[in-house]
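The values are calculated or read from the model by the stated rules, or taken from the named source; none is laboratory data. Just so you know, these numbers come straight off a predicted model, no measurement behind them. Note that we place each Cβ from the backbone using ideal geometry, even for glycine, and neighbour counts take in every protein chain shown. Side chains included, ligands, DNA and RNA excluded: accessible areas come from the protein's heavy atoms. Shrake-Rupley method; radii C 1.70, N 1.55, O 1.52, S 1.80 Å.
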Amino acid sequence: MSENSSAAGHTCTISLELNGERRELQVQPWTTLLDLLRDQLGLTGTKKGCDHGQCGACTVLLDGRRINSCLTLAVMHDGASLTTIEGLASDATLHPLQAAFVKHDAFQCGYCTPGQICSAAGLAAENRASSRDEIREHMSGNLCRCGAYPNILAAIEDALPTLRGQEGAQ
C-alpha cells in the first residue's frame, strides 16, 4: 500500500483482486469496503442495510470467507481477493446458489438476497453445516425483513450438494 496526498485529501493505493480481476485503487483511509464497492466502483449489488454489521446485507467473500463489508476499512485488505454478488456468476451461467434462489423463490423484495447468497457461498466453503438447523444457525447473521426464510433455507439446502461437489473436484 502506498500513500498519496492531493487537494482532494489523503489517499492510499491498494491492490485487490476483485471478482477475478486485479485492480489498483485509490482510497481514502476511512473508506469502508462497502463504500468502496458501491460508491467508488459502482458495484451496487452489495447492499447497505444497517451499516453496523447486524443485518448481513453487505456480506461479501474476502479471501473466500464471508465478511460484513460495512465493518472493515478497504485499506486493511491490500492484496486480498474479494468476490461480490456480481462476481459469482460465470458469464451467462448463474452460480448454483443464484439458480437455487430463483428455483425456490427465495426472495421477496430482493434487498437481502446478494448478502444471503454470498453468505451461503461462504457457508458452503466452510463445510460446517450439514443439517437444516446448522444452516439456520450459520446463516443467522443475515436478516430478511420480508420473512422469506423457509425459501432461503430450501435454496441453500438444494445448492449445497452441488457446491460441495464442485469444491471436491477442484
Taking the range 121-149 and keeping residues in a helix (DSSP H, G or I) and open to solvent by 80 Å² or more (accessible area, probe 1.4 Å) leaves Arg132, Asp133, Arg136, Glu137, Tyr149
Those residues of the range 66-123 which are closer than 19 Å to Tyr149 by Cα and free of Cβ contacts under 8 Å to residues at least 12 places away in the same chain amount to Val102, Gly110
Within the range 95-120, the count of residues that are assigned to a helix (DSSP H, G or I) and among the acidic types (Asp, Glu) comes to 0
Pairs returned, first residue in the range 37-55 that is assigned by the TED database to the domain that holds Ser81 and among the hydroxyl-bearing types (Ser, Thr, Tyr), second residue that is open to solvent by 40 Å² or more (accessible area, probe 1.4 Å) and modelled with pLDDT of 95 or more, beta-carbon separation under 6 angstrom, 6 or more apart or interchain, are Thr44/Arg38
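Yes or no, residue by residue, for (1) modelled with pLDDT of 95 or more; (2) over 17 Å from Gly115 (Cβ atoms); (3) of a type in the set (D, E, K, R); (4) open to solvent by 50 Å² or more (accessible area, probe 1.4 Å):
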{"position": "Ala7", "(1), (2), (3), (4)": "no, yes, no, yes"}
{"position": "Gln28", "(1), (2), (3), (4)": "yes, yes, no, yes"}
{"position": "Thr31", "(1), (2), (3), (4)": "yes, yes, no, no"}
{"position": "Arg38", "(1), (2), (3), (4)": "yes, no, yes, yes"}
{"position": "Leu43", "(1), (2), (3), (4)": "yes, no, no, no"}
{"position": "Thr46", "(1), (2), (3), (4)": "yes, no, no, no"}
{"position": "Leu62", "(1), (2), (3), (4)": "yes, no, no, no"}
{"position": "Ser69", "(1), (2), (3), (4)": "yes, no, no, no"}
{"position": "Thr72", "(1), (2), (3), (4)": "yes, no, no, no"}
Over the range 82-94, the set of residues open to solvent by 40 Å² or more (accessible area, probe 1.4 Å) and not in a loop (DSSP other than H, G, I, E, B) is Glu86, Ser90, Thr93
